[in-house]
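Scroll down for the structure; my scribbles are underneath it.
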């Protein structure tokens, strides 16, 4: 039976638009809520009211296998009993103090134990907060003002991280100070030679280089062999702080994040999303001498006992033998099935990423290495094929963001049967998407 009823969602959207800008409290949710992608309409659920394990339920009663997973925040499964029970215990003890609590020490110790770069930890609320604090600390530590970041990488919604494009920057949103242009250099990803040439001239002015080690906010672009190792070496040579934005990769790629699995250790790393299995928490971890610079940080809800309890319980579950192997086995099964379906149907598409998080991109390229390749002029018909593909997936009860190249997340609650169903539905969706041509639109 195909899903087609979104009446209650549409009614709620009408109400939301009257009291909330664009009807959303985060623009990251606007693609599903608007019902449009690249200007083309798509029927999709806009409001949800229940989640359990690997499933979510919209307000019209439709059920979906969930690969959006709170934009990657769910790693164990929705409403994980072990996490929720531990949070309930904390709720019965105390709400918050405006002072330190025992549980924040236990959680910080757990992070230091598992994350290679972590000598000290600050518990925060959002990934934006953690990344912005990392940049501030790097500037304080080095006495320099400029920061290098890369096209297509998302580090939050503060001014410094919301413009992109080589060479001089292009505004994505209004209301952002022009002064940030002077302190931010945007370079293409995976071009180590260009970074080296730039640093020969300006290396002594750069406080930090920040990046997503895997660009899960842009088509799951992997680092080319030697690229991150090269960044690590040249940042040391120039006394530049290397920051990994592990808000998505942290505790999803592995227990200690990308750095633990791939062996490239930054000076600072920001964490969020999966660290709390759906509860609002983030962390900044790094070297003692950088973390203890005189950079002010605050936040009434930093290290909130409820969120700290959720994170402590989540990491404790992730430490158990076999959890990540299971997640990767499910994800790699789906990746193989998707690639086989792409080959069988002959559609122009690729799958990039790792077992716990990957992306389907409709493209004629065999591999995407940077933002420019992901957004070539020829992407227009491919974007339409993505809309057709995801419309079919939603009709059959498979949920994700509907944008071309958006990440798919796997959790410990997904089953082999769900993986098989996903592959079966995807093959049919690929067949329909393949029929799309620019002239047919």
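A compact table of results
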item: Neighbour-count order for 69, 76, 17, fewest beta carbons within 10 angstrom listed first; result: 17, 76, 69
item: Segment residue 40-residue 236, extension gain: residue separation times 0.36 nm, minus the distance between their alpha carbons; result: 65.9 nm
item: Between segment 261-296 and segment 6-26, the alpha-carbon center distance in angstrom; result: 35
item: Globularity index of segment 81-318, i.e. its alpha-carbon radius of gyration over 2.2 N^0.38 Å; result: 1.01
item: Cα-projected label distance for residue 145 with residue 325, points at 7 Å along beta-carbon direction, nm; result: 5.4
item: Calculated P(r) tail over 18 Å for segment 249-303, as whole % of Cα pairs; result: 41
item: Rg(Cα)/(2.2 N^0.38 Å) for segment 289-441, N = residue count; result: 1.32
item: Taking 71, 194 and counting other C-beta atoms within 10 Å, the order from fewest to most; result: 194, 71
item: Over segment 51-201: Rg over Rh, Cα atoms, Kirkwood Rh; result: 1.05
item: Stretchable slack from residue 17 to residue 91, in nm (0.36 nm times residue separation minus alpha-carbon distance); result: 23.3 nm
item: Per-residue [θ]222 nm for the chain (sum of -39500 (n - 2.57) over DSSP H runs n ≥ 4, rounded to 500); result: -12000 deg cm²/dmol
item: Kirkwood Rh and Cα Rg combined as Rg/Rh, segment 231-331; result: 1.01
item: For the chain, the spread of Cα positions along each principal axis, largest first, Å; result: 59, 56, 47
item: Residue 50-residue 344 pseudo-label distance in nm [points 7 Å out on the Cα-to-Cβ vector]; result: 3.3
item: Mean projection area, nm², convex hull over Cα of segment 55-107; result: 5.6
item: At 1.306 mPa s and 10 °C, Stokes D of segment 299-339 from Kirkwood alpha-carbon radius, µm² per second; result: 127
item: The chain: antiparallel DSSP beta bridges as a percent of all, rounded to 5; result: 60
item: Ranked list, fewest to most other Cβ atoms within 10 Å of each Cβ, for 107, 228; result: 228, 107
item: Extension gain, residue 201 back to residue 178 (0.36 nm per residue minus Cα-Cα distance, nm); result: 5.9 nm
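Each reported figure results from applying straightforward, stated rules to the coordinates on display, with no laboratory input. These numbers come from a predicted model, not from an experiment. Here the Cβ is made from the backbone with ideal geometry for all residues, glycine too, and neighbour counts use every protein chain on show.
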